[in-house]
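The structure appears below as structure tokens.
Values in this text are rule-based calculations from the coordinates and carry no lab data. No experiment lies behind these values; they were computed from the predicted model shown. Cβ atoms come from the backbone with ideal geometry, glycine included; neighbour counts cover every protein chain shown.
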Amino acid sequence: MRMFLRKSRVGRDPLVLAMSGVRLGERLLQIGVDDPAVLGMLAAKTGISGHAAVVTLDDRGAERARAGIAGAGALADVAVTSDATLPFEDHSFDVVVVHGASGWLPALAADRRATLLEQVLRVTRSGGRVIVTEAGERSGVKAMLSPGPRRDERYEAAGGTAAAMQAAGFKPVRLLADREGLRFTEGLRS
């Protein structure tokens, strides 16, 4: 009976991988590290015809990123920034994925968060997109067993990540999904 109650994960990509829409040959920038294995899988999606880079806010995150990249057999540049500036040329990336499920994006000071999102806009090509992953609504048994990460009420009341992305210059911005405890917000650079 137990096997009928479980959902099969055979052949399913992690949700973050599926929601990012990263394709072979694209230039991908990832910021932050939630799950090193998923970070490595995303880097591998670009293939040898694309380019992958990762930026973390500390050396510990950089080591986790390198481990995930090596585990996936991918190639990616890894950089550490402490002041929210991105060490890349303007319009360098097709896709930027901001891994924020641990809650670090709302925890940044407002001016530092704005600087980071303005930098993301700067390095994203015209027509490129940014996907921000955050902790979302938990459902099912997970919601009953653990409440999940606390949300920053002031940040949410001010419009959350969607408002921060719009203020940085992304248009349009939309909520893609809130599933499996993750929220995905997408912004386009016109």
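Per-structure values
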{"quantity": "Phi to ³J(HN,Hα) by Karplus 6.51 cos²θ - 1.76 cosθ + 1.60 over the stretch 64-73, Hz, x for Gly, Pro", "calculated": "4, 4, 4, 5, x, 5, 5, x, 8, x"}
{"quantity": "Three-way shape call for the stretch 80-136 based on the alpha-carbon gyration tensor, with the a/c threshold at 1.5", "calculated": "oblate"}
{"quantity": "Rel. contact order, % - alpha carbon contacts under 8 angstrom, at least six apart, the stretch 2-188", "calculated": "18"}
{"quantity": "Highest to lowest packing among 20-31, 81-92, scored as the average C-beta count within 10 Å", "calculated": "20-31, 81-92"}
{"quantity": "J(HN,Hα) series, the stretch 96-106, from Karplus relation 6.51 cos²θ - 1.76 cosθ + 1.60, nearest Hz, glycine and proline x", "calculated": "10, 10, 9, 7, x, 5, 6, x, 6, 5, x"}
{"quantity": "Three-way shape call for the chain based on the alpha-carbon gyration tensor, with the a/c threshold at 1.5", "calculated": "oblate"}
{"quantity": "Residues MET19, MET165 arranged by fewest to most Cβ contacts within 10 Å", "calculated": "MET19, MET165"}
{"quantity": "Label-point separation, ARG23 to GLU118 (7 Å along Cα→Cβ), nm", "calculated": "3.3"}
